[in-house]
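*Asks:* Before we start, here is the structure in question, set down as structure tokens.
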Amino acid sequence: MNMFNRKLLVSTPSFNSEIKKPHHIAYTEWGDPNNPHVVVCVHGLTRNCRDFDYLAQVLSKTCRVICVDVVGRGQSDWLENAKDYDYYPLYISDAAELIAHIKDQYDESIRLDWIGISLGGLIGMMLAIQPDISVKLNKLVMSDIGPLIPMSALSRMSEYVGKDLRFSSLIALKDYIKKISVPFGPLSEEQWHHMTVHSARQFEDGQYGFCYDPKISISFKEHALKDIDLWEYWDQLTIPTLVLRGAKSDVLNTKTAEEMRRRGAGATIVDFPWIGHAPVLMDDEQIAVVQRFLMPTHLSCEGSERMII
């Protein structure tokens with residue numbers, strides 16, 4: 001299945017200015033560009049769109065798949081003002097402009113589903129409740145994220161996000177990625193290599209670092225670490241929602257997941273043993289769960305349930 005790299009110029013709001021500033025967001029595109037069933041995939045805090053290659057190869061047999069690099073990550077532009085990374089309307093605006101861009105490519109109505117890992121899931125949740133979005137989301141998949149993020153998890157992330165480390169080789173970078181990404185669960189060496197290659201940028205001196213702007217860590221520096229409470233937004237959510245949870249996650253705990261099943265969209269919760277934060281959707285089993293949920297014949301989340309895979 002062919003994959004194409006694209007870039008879109010968007011103009012979105014800034015933290016300290018009423019003037020919208022332009023920047024490019026990058027994405028990969030998979031599948032038939034005329035397929036009216038479109039699935040948008042958005043990665044976690046420090047990750048990038050190529051994490052979805054394994055999932056996209058499967059979904060693109062029946063859907064058009066768009067995998068996005070959030071601004072400041074992957075091949076998307078870096079922002080001049082660090083505080084803009086802490087300004088959520090910017091992320092929602094970027095996503096809305098991308099959806100409008102996709103919609104304009106069709107003469108017919110489209111069905112739009114959203115898959116988000118961690119940060120990408122929160123963007124999807126917020127996007128789904130926007131009243132003026134050009135295409136309403138049909139279904140939402142959130143991997144290991146919810147409307148309550150514990151302070152302890154934020155503290156752990158602050159220990160490595162934005163450190164701008166340097167590594168002498170790709171092997172050294174891969175070893176570090178494997179160390180900090182143990183919660184992703186068991187991945188094959190080929191998958192770790194794939195993740196490393198697409199996480200890396202090489203500097204003029206030959207060393208390697210991560211391909212994200214270190215300034216994305218501003219949220220950890222500007223605010224006192226405390227629980228993030230977004231229940232007021234979750235309770236507005238009405239579309240069918242699937243929540244994937246690592247059973248050992250420190251970001252989405254059992255209590256919060258159970259509340260997500262009862263409140264708002266009444267999500268279906270699927271727990272994966274031996275995984276923490278977060279299921280990265282490279283595993284065949286995880287991909288199959290997502291694929292079944294997105295099938296047009298799949299029932300909505302009425303009568304939601306909780307499953308352990």
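*Asks:* Scanning the chain for GluC sites (Glu not before Pro) in DSSP loops with at most 16 other Cβ atoms within 10 Å, what's the longest stretch left with none?
*Replies:* Working: sites that count: E80, E108, E159, E204, E302, E305.
That would be 205-301.
*Asks:* Quick one: 3J(HN,Hα) in Hz for the range 227-244, Karplus 6.51/-1.76/1.60 with θ = phi - 60°, rounded, Gly and Pro as x.
*Replies:* 4, 9, 10, 10, 4, 4, 7, 4, 5, 8, 6, 10, 7, x, 9, 10, 10, 9
*Asks:* With unit charges on the beta carbon (Lys/Arg positive, Asp/Glu negative), name the residue among G264, P279, V251 whose Cα is farthest towards the positive pole of the charge dipole of the range 235-298.
*Replies:* Result: G264.
*Asks:* Also, quick follow-up: In whole Å, how far is the Cα centre of the range 103-162 from that of the range 1-80?
*Replies:* What the calculation gives is 12 Å, centre to centre.
*Asks:* Let me ask something else about it. List every residue whose amide H lies under 5 Å from the amide H of C41, counting only residues 5 or more places away in sequence or on a different chain, with H placed 1.01 Å from N in the peptide plane.
*Replies:* Distant-sequence amide H within range of C41: I66, C67, V68, I115.
*Asks:* Grab the beta carbon distance between K179 and K255, set R0 = 25 Å, and tell me the FRET efficiency rounded to 0.05. Write down the numbers at each step before the final one.
*Replies:* Details: r = 29 Å, r/R0 = 1.16.
About 0.30, to the nearest 0.05.
*Asks:* For the range 163-211, what's the relative contact order in percent, using C-alpha pairs closer than 8 Å and at least 6 residues apart? Each step should come with its number before you reach the end.
*Replies:* Values: 42 pairs, mean separation 25.6, N = 49.
The value is 52 percent.
*Asks:* Charges only on Cβ, +1 for Lys and Arg, -1 for Asp and Glu: so what's the dipole of the range 163-211 about the Cα centre, in debye to the nearest 20? Provide the component values of the computation, followed by the final result.
*Replies:* Working: 6 positive and 6 negative charges, 34 e Å.
So the dipole magnitude of the range 163-211 works out to roughly 160 debye.
*Asks:* Given the pairs K178/K248; K83/K179; K136/K221, which are separated by over 23 angstrom at their Cα positions? All intermediate terms of the calculation are to be shown ahead of the outcome.
*Replies:* Numbers: K178/K248 17 Å; K83/K179 29 Å; K136/K221 35 Å.
Pairs exceeding 23 Å: K83/K179; K136/K221.
*Asks:* Still on this structure, please answer the following. Relative contact order of the chain, please, whole-number percent, based on alpha carbon pairs below 8 angstrom and at least 6 residues apart. Before the final figure, lay out the partial values.
*Replies:* Working: 629 pairs, mean separation 54.8, N = 309.
Taking the mean separation of contacting Cα pairs over the length of the chain, I get 18 percent.
*Asks:* Using the Cα gyration tensor of the chain, with a ≥ b ≥ c the square roots of its eigenvalues, what is the shape: rounded (a/c below 1.5), prolate (a/b larger than b/c) or oblate (neither)? Write down the numbers at each step before the final one.
*Replies:* Working: a/c = 1.24, a/b = 1.14, b/c = 1.08.
The shape class here is rounded.
*Asks:* Show the residues, 5+ positions off or on another chain, whose built amide H is closer than 5 Å to the amide H of L137.
*Replies:* Hits under the 5 Å cutoff: none.
*Asks:* Can you compute the modelled spin-label distance between I110 and N5, with each label point 7 Å from Cα toward Cβ, in nm?
*Replies:* For I110 paired with N5, the spin-label model returns 2.2 nm.
*Asks:* Going by amide H atoms built from the backbone, whose H comes under 5 Å of the H on D250, apart from near neighbours?
*Replies:* When sequence neighbours closer than 5 places are left aside, the close amide H contacts are H277.
*Asks:* Applying the Karplus parametrisation 6.51 cos²θ - 1.76 cosθ + 1.60 with θ = phi - 60° to the phi angles of the range 279-293, what ³J(HN,Hα) value in whole Hz is obtained for each residue in order, glycine and proline being reported as x?
*Replies:* x, 9, 6, 9, 7, 4, 5, 5, 4, 5, 5, 5, 4, 5, 5
Each value in this text was obtained by applying a stated rule to the coordinates, not by laboratory testing. Only a predicted model underlies this, so the values are computations on that prediction, with no experimental measurement involved. Heads up, the Cβs are rebuilt from the backbone with ideal geometry, glycines too, and the neighbour counts pull from every protein chain shown.
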